[in-house]
1. Quick one: A:A17 ticks every box in (1) over 26 Å from A:T178 (Cβ atoms); (2) open to solvent by less than 40 Å² (accessible area, probe 1.4 Å); (3) among the aliphatic types (A, V, I, L, M) except a single one, so which number is it?
2. If I filter the stretch B:106-119 for residues that are more than 23 Å from the chain's Cα centre (by Cα), crowded, with 21+ Cβ neighbours inside 10 Å and within 12 Å of another protein chain (Cβ to nearest Cβ), do I get at least one hit?
3. Given the criteria open to solvent by less than 100 Å² (accessible area, probe 1.4 Å), assigned to a loop (DSSP other than H, G, I, E, B), closer than 30 Å to B:K387 by Cα and without any contact (Cβ under 8 Å) to a residue 60 or more places away in the chain, does B:G405 qualify?
4. What's the number of the condition A:E155 fails, among (1) part of a helix (DSSP H, G or I); (2) under 30 Å from B:I137 (Cβ atoms)?
5. Among the numbered criteria (1) in contact with a Pro (Cβ under 7 Å, 6 or more places away or on another chain); (2) at the interface with another protein chain (Cβ under 7 Å from one of its Cβ atoms), which one does A:E192 miss?
6. Take the residues in the stretch B:425-454 that are among the small types (G, A, S) and in contact with a Gly (Cβ under 9 Å, 6 or more places away or on another chain); name whichever of them is surrounded by the fewest Cβ atoms within 10 Å (Cβ to Cβ).
7. What strands (runs of 3 or more DSSP E) lie completely within the stretch A:36-113 and have 1 or more residues being touching a residue at least 40 places away in the same chain (Cβ under 8 Å)?
8. Please list, ordered by first then second residue, the pairs with beta carbon atoms under 6 Å, 6 or more apart or interchain, first in the stretch B:290-303 and at the interface with another protein chain (Cβ under 8 Å from one of its Cβ atoms), second open to solvent by 10 Å² or more (accessible area, probe 1.4 Å) and outside any helix (DSSP H, G or I).
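The values are calculated or read from the model by the stated rules, or taken from the named source; none is laboratory data. Quantities reported herein were computed from a predicted structural model and do not represent experimental measurements. Quick reminder, even Gly has a Cβ in these numbers, built from the backbone with ideal geometry, and neighbours come from all protein chains shown. The area values use the complete protein model at the heavy-atom level, side chains included, leaving out ligands, DNA and RNA. Shrake-Rupley method; radii C 1.70, N 1.55, O 1.52, S 1.80 Å.
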Amino acid sequence: MGTSRETILKRTADALAPLKERAAYPDFNDSVAVMPALDRAGDLWAIFSERAKLVHGTPLSGSPAVLANWLREKNHARGYCDPALLPQFGEALAAAGCEVETAFDRARVDDYQFGITRAEAAIAETGTLVLTDGSTSSRLAALAPWTHVAVLKREQIFADVATAVASLPADPNVIWCTGPSRTADVEGILIEGVHGPGVQVAFLLE
Amino acid sequence: MKHQQIDQYAASLPPDKRASVYGGTKSGYDARLRALNTSYTAPDNLRRLAGRIKQHAIENLDTYLPQVEARMLANGVKVHWALDGDEACGHVHRIMEERGAKKMVKAKTMVSEEIHLANYLEKRGMECLETDLGEFIIQIDHDHPSHIVKPIIHKNRREIAASFEREGLGAYNDDPEVITARARQFLRHKYLAADVGLSGANFVSAESGRIVLVTNEGNSRFSIAATKVHIALVGIEKIVPRDRDLGLLLNLLARSATGQQLTSYTEFISGPRTANQPDGPEEMHVIFVDNGRTRVLADDCRPILRCIRCSACLNVCPVYRQTSGHAYRAVYPGPVGAVLSPLLAGDKFPEMADLPKASTLCGACNEVCPVDIPIPDLLLRLRDRGKQVGSKAAAAATPPMGAFGTLAASPALWKVVMKTGGLSALYPTFLMPAAGKTWVRTRGMPKWRGGKFRAWMKDRRAKTKPLEK
């Protein structure tokens with residue numbers, strides 16, 4: 001079993017042995033690739049919203065009723081809700097006539113029009129949502145329905161990609177979603193909602 | 001005159017295919033330029049920095065490989081090593097057999113193309129389904145990808161609609177929106193029915209053992225959400241030293257590949273799902289693949305191992321734009337392929353030795369490369385090597401230089417020929433070969449001016465007085 005491993009490591013060592021000098025790890029600042037136009041001290045939710053719209057994301061904020069009414073306007077009547085969010089959102093969703101389940105039944109994948117889960121964080125610079133196994137109650141519920149709503153708090157927003165990388169959570173599955181799922185494979189024409197959500201909502205709960 | 005294979009391929013390319021390839025590459029090029037220049041004041045500095053990080057990484061793989069392996073094992077990942085394609089396919093097959101798995105969904109990975117994984121598994125009665133829309137279309141058409149990021153850049157919507165109709169995915173409809181919606185509906189049930197999700201890796205952090213995957217469609221996310229086993233095929237050159245390097249590299253990759261600030265889905269995967277998570281793999285396997293890479297590492301062309309597969313060099317290349325990716329006869333097309341394919345070919349180098357000649361050496365590939373690979377220099381080195389190994393493929397379309405070589409190597413002979421060359425004006429035209437006759441029918445032979453340079457040089461020396469003190 002170990003032989004291929006040993007061979008590859010030996011070949012690697014032999015390949016590099018003749019080098020008189022190895023390229024050094026360059027000295028650089030973590031924020032080297034942060035866009036200079038970013039106002040890191042500004043209102044991060046406002047920056048996030050602006051950037052999210054550029055990638056066709058949907059930023060919303062307010063009380064649970066705001067989200068429930070928005071879903072209703074989109075004719076979304078059935079969906080999934082993270083059980084941990086149900087105490088806050090359950091009443092408003094019911095009032096708006098949205099039925100929710102708190103377990104995602106993969107056998108009925110086509111029945112869910114939306115999924116509401118919690119985001120781990122967000123990145124203002126790029127309008128990105130951060131999902132993890134720890135925060136997102138079901139990977140499939142955040143992916144398979146046409147509309148995904150990630151619920152977010154103001155203090156969870158990172159200014160930029162560099163900060164988000166420096167603060168990667170200790171979670172085996174950290175997912176950055178920047179706008180909806182998209183493709184341009186057919187003649188370079190942009191189509192949204194390929195395998196994942198066609199509508200990606202970032203909901204700031206206030 | 002003999003033509004190179006790539007010329008012949010380009011000459012036979014139907015005009016609509018050429019138009020598709022040209023349009024697709026041009027838009028990719030424009031998007032990249034716009035994205036980099038609107039985001040950054042000096043994007044070139046970032047490219048050079050990223051190049052230095054990757055060069056450091058590959059020159060220290062002997063340190064980083066054992067380090068990343070140890071991290072992965074600590075993260076609960078099973079690590080395998082494969083010397084070549086057969087061994088890598090064998091690992092995948094064995095992992096599937098041990099789980100009693102029959103069905104695999106596959107997110108785009110160039111390594112799996114390199115090792116012909118789908119073919120290997122299908123021969124052994126297993127299903128291996130591509131999930132990236134473009135790759136899915138390639139699979140149902142039994143075609144090959146012709147671009148690293150846009151695999152079906154050579155196809156138009158009418159061909160795709162016809163393929164969908166043939167495969168029973170609805171009546172003919174060439175609206176891209178409808179095509180995509182049908183693929184969505186068909187593939188989501190395939191994900192949910194599959195046992196294994198296969199991915200590649202864009203980057204692997206030696207520091208944390210995280211593998212980084214980027215997709216726009218979210219297909220790798222779905223593969224790793226719906227299945228019970230995740231297998232990642234990783235070329236050993238994908239390693240970066242630290243997590244912090246990823247900020248820079250992801251920013252450059254998305255902008256260089258598609259002109260986005262970030263790709264829609266960027267995933268950092270370091271192990272199987274957590275206990276409280278209902279969806280996703282119970283086990284994760286990483287297969288480190290050599291398949292010729294250590295040979296490239298030992299070569300002075302090793303900077304090509306920095307490549308992050310963004311396709312910017314394909315999009316900008318005047319040769320790729322006219323010939324399409326299939327002309328390169330290998331998994332990796334374009335300028336990067338012209339360097340990498342002959343090197344990965346090993347003993348079969350002579351068969352690929354013409355590829356480095358399929359370049360104008362204009363340098364555009366180097367200028368757009370997010371990791372600043374000196375592609376033109378590497379192409380020149382490989383051209384030279386093609387001659388050294390006496391490859392016929394590398395010599396095609398080069399005029400014979402034997403007689404000139406003999407002359408140029410002997411100063412005395414050179415002098416004689418330069419002095420007496422004027423006699424060539426007496427050469428009777430009716431004795432000329434056909435091509436020469438055609439030439440002189442409408443033009444006269446130029447007046448012989450041989451030997452003038454030597455005379456001028458001698459004269460100049462005589463006239464130049466030494467400087468007075």
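1. A:A17 satisfies every listed condition except (2).
2. no
3. no
4. Among (1) part of a helix (DSSP H, G or I); (2) under 30 Å from B:I137 (Cβ atoms), A:E155 violates only (2).
5. Going through (1) in contact with a Pro (Cβ under 7 Å, 6 or more places away or on another chain); (2) at the interface with another protein chain (Cβ under 7 Å from one of its Cβ atoms) one by one, A:E192 breaks only (2).
6. Looking at residues that are among the small types (G, A, S) and in contact with a Gly (Cβ under 9 Å, 6 or more places away or on another chain), I get B:G450.
7. It comes to A:58-62, A:78-81.
8. Pairs found: B:D290/B:L83.
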